[in-house]
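J.: Sending over a structure as structure tokens; questions will come in a sec.
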């Protein structure tokens with residue numbers, strides 16, 4: 001019997017994952033990760049870890065599997081929370097859930113599981129794993145979940161071959177309603193439980209308050225840039241080399257406060273992200289204002305009116321070489337190579353037609369259609385068919 005450690009989160013997905021593995025004849029152990037101590041920044045009644053660990057325990061008892069809680073809050077603070085503060089301070093928008101999978105669930109947690117003699121670690125992610133042989137070696141593939149509506153492969157876009165080798169995703173072939181049905185049949189306490197929102201294992205966080213622990217509020221202005229501003233009509237007929245074109249179309253537009261009118265005040269540019277609409281507290285515009293750029297050096301937020309404002313769109317992005325990650329190492333591009341893929345720049349975004357261009361200093365990704373709110377610090381992931389091939393941090 002192979003031994004599997006399941007990360008029981010107290011939700012329905014991981015509960016059913018544990019049950020299915022048991023049905024498949026694995027020896028199953030349930031572990032709950034406690035990753036957070038500070039209740040002052042969580043909306044406490046929304047996702048208290050106590051209730052979750054209790055539900056995880058009840059599921060383990062129902063299935064008759066061993067259960068324990070592991071406290072990873074120190075590692076979580078160091079690898080996820082400190083990273084988040086750092087990124088926000090630089091004016092970037094991190095994705096803690098992607099990091100949490102790479103650094104916590106499939107690293108720190110996986111090592112604990114292996115120390116318990118586990119052969120695999122399993123989670124309740126909606127994605128699938130398959131394997132093929134390339135040049136006589138086993139290569140693992142990360143595939144989208146069967147439930148289009150719930151596919152979570154994006155959150156695992158930073159996993160390595162070594163991590164995938166030891167991972168199992170038992171519910172990847174199921175839809176959410178099927179998972180709930182199994183949980184109800186088994187009378188699991190989590191069958192009707194709502195999906196958790198917010199940060200991986202922390203729950204819902206009031207982000208500005210969370211960030212204010214480290215990043216002091218400071219007053220700045222909100223500037224509105226007109227959609228007809230000449231900066232959007234720059235003559236691009238002088239076509240340079242393909243490389244220069246990529247650089248130019250992936251570059252951010254640079255704004256200065258004199259280019260627009262001051263329409264409001266804010267408490268800190270690092271609390272805002274490109275594409276954000278809520279929380280600006282500026283009224284009296286015909287359409288909603290969207291953040292089109294932030295400048296943490298001058299503490300200025302630039303906005304544009306309406307979801308089609310030209311300041312929101314770019315047709316390419318850049319990933320620094322050190323941030324380019326291939327799950328499929330055997331498909332890694334070399335300097336000068338290109339590849340047509342389908343890509344997304346955020347979770348749940350429909351896949352977009354794109355081309356990868358590998359250059360010496362990193363990878364440019366150009367899109368067939370301009371993309372709204374390309375955000376520094378977020379992950380871009382690229383696919384071929386159902387398979388996620390790799391990802392990178394948008395720079």
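Read-outs throughout are calculated quantities, based only on the coordinates presented, and are distinct from any laboratory measurement. Everything quoted here is computed from the prediction, not taken from an experiment. Backbone-built Cβ (ideal geometry, glycine too); neighbour counts: all protein chains shown.
J.: Just to confirm the number: angle between the C-alpha axis of helix 12-23 and the first principal axis of the chain, 0 to 90 degrees, nearest 10?
T.: Tilt relative to the chain: about 40 degrees.
J.: On to the next question. Please grab the % of Cα pairs in the chain that end up more than 40 Å from each other.
T.: 21 percent
J.: OK, next. Give the shape of segment 3-212 as rounded, prolate or oblate, defined through the alpha-carbon gyration tensor: a ≥ b ≥ c are the square roots of its eigenvalues, a/c under 1.5 means rounded, and otherwise the shape is prolate if a/b is larger than b/c and oblate if not.
T.: It is oblate, given that a/c is not under 1.5 and a/b is not larger than b/c.
J.: Identify the residues of segment 104-122 with backbone N under 14 Å of a label point that sits 7 angstrom from the Cα of residue 24 along the Cα-to-Cβ direction, or state none.
T.: Under cut-off, by backbone N: 119-122.
J.: Need one number: % antiparallel among DSSP beta bridges in segment 3-212, to the nearest 5.
T.: For segment 3-212, the DSSP antiparallel bridge percentage is about 40.
J.: Quote to one decimal, in nm, the extra length available between residue 360 and residue 34 on full extension: 0.36 nm per residue of separation minus the C-alpha distance between them.
T.: Answer, rounded to one decimal: 113.2 nm.
J.: Ok, one more. Between 232, 271, 26, find the one with the highest GNM mean-square fluctuation for the chain; connect C-alpha pairs within less than 10 Å.
T.: 232
J.: Run the quick spin-label model on residue 248 and residue 321: label points 7 Å from Cα toward the beta carbon, then report their separation in nm to one decimal.
T.: Each label point lies 7 Å from its Cα, and together they span 2.5 nm.
J.: To make sure I understand, if each residue's beta carbon is the centre and we count other beta carbons within 10 Å, what order do 255, 154 fall in, fewest to most?
T.: Neighbour counts put them in this order, fewest first: 255, 154.
J.: Pairing the Cα long axis of helix 49-63 with the longest principal axis of the chain, what angle in degrees results, from 0 to 90 and rounded to the nearest 10?
T.: Orientation of helix 49-63: about 40 degrees from the principal axis.
J.: Can you tell which of 134, 28, 274 shows the greatest fluctuation in a Gaussian network model of the chain with Cα springs below 10 Å?
T.: The residue with the greatest mean-square fluctuation here is 134.
J.: Give me the distance in nm between label points sitting 7 Å out from Cα along the Cα-to-Cβ direction at residue 62 and residue 74, one decimal.
T.: Roughly 3.5 nm, to one decimal.
J.: Something else now. Once every DSSP H run of n ≥ 4 in the chain is given -39500 (n - 2.57) and the sum is divided by its residues, what mean residue ellipticity at 222 nm do you get, rounded to the nearest 500 deg cm²/dmol?
T.: It comes out at -5500 deg cm²/dmol, rounded to the nearest 500.
J.: Which residue, 278, 150, 111, has the most motion in a Gaussian network model of the chain that connects Cα atoms within less than 10 Å?
T.: Looking only at 278, 150, 111, the largest GNM fluctuation is found for 278.
J.: Report the rotationally averaged projected area of segment 313-393 based on its alpha-carbon convex hull, in square nanometres.
T.: 4.9 nm²
J.: Testing the spin-label approximation: label points 7 Å from Cα along Cα→Cβ at residue 331 and residue 82. State their distance in nm.
T.: According to this spin-label approximation, the distance is 3.5 nm.
J.: What is the ratio of the Cα radius of gyration of segment 220-311 to 2.2 N^0.38 Å, with N the residue count, to two decimals?
T.: 1.16
J.: Relative to the longest principal axis of the chain, what angle (0 to 90°, nearest 10) does the C-alpha long axis of helix 176-185 take?
T.: 30 degrees
J.: Given a Förster distance of 35 Å, report the FRET efficiency between residue 184 and residue 348 from their Cβ-Cβ distance, rounded to the nearest 0.05.
T.: The calculated FRET efficiency here is 0.85.
J.: How high is the FRET efficiency between residue 261 and residue 386 when r is their beta carbon distance and R₀ equals 41 Å, given to the nearest 0.05?
T.: After rounding to 0.05, the efficiency reads 0.30.
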